[in-house]
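The values are calculated or read from the model by the stated rules, or taken from the named source; none is laboratory data. Quantities reported herein were computed from a predicted structural model and do not represent experimental measurements. Cβ placement follows ideal geometry from the backbone for every residue including glycine, while neighbour counts extend to all protein chains displayed.
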Amino acid sequence: MKSVKIVEKKEDRVTSSEVTAQAEVTSVTRSASGLHPGDTIRITYTLSKYDQPILGGSQPDLLREGGAYPAFLDKTAGGTYAPAAAGYSFKLVK
């Protein structure tokens with residue numbers, strides 16, 4: 001990750017973290033959006049932390065600046081990328 005910006009917002013019983021990351025693509029296994037190694041992309045997503053646990057799917061990991069991650073992403077209408085596999089978006093599953 002080239003850079004990661006996190007903006008937190010507390011509302012009622014949930015803290016939302018809006019994550020915006022700039023990343024350089026180092027390798028591509030499969031891409032429907034035409035990504036190539038060397039491309040720089042912007043990844044945006046929101047994490048929600050509830051005061052009390054709730055039922056539901058897993059959330060993506062929080063990206064860290066300088067980290068290298070496998071990524072399963074969808075291209076948005078605005079040209080940014082978003083996690084495509086919920087809690088497994090930045091993990092290699094074998």
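Values computed for the structure shown
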| read-out | value |
| --- | --- |
| Hey, Leu55 under 20 Å from Ala85 (Cα atoms) and at pLDDT 95 or above or not | no |
| Any chance Gly34 is of a type outside the set (Phe, Trp, Tyr) and free of Cβ contacts under 8 Å to residues at least 24 places away in the same chain | yes |
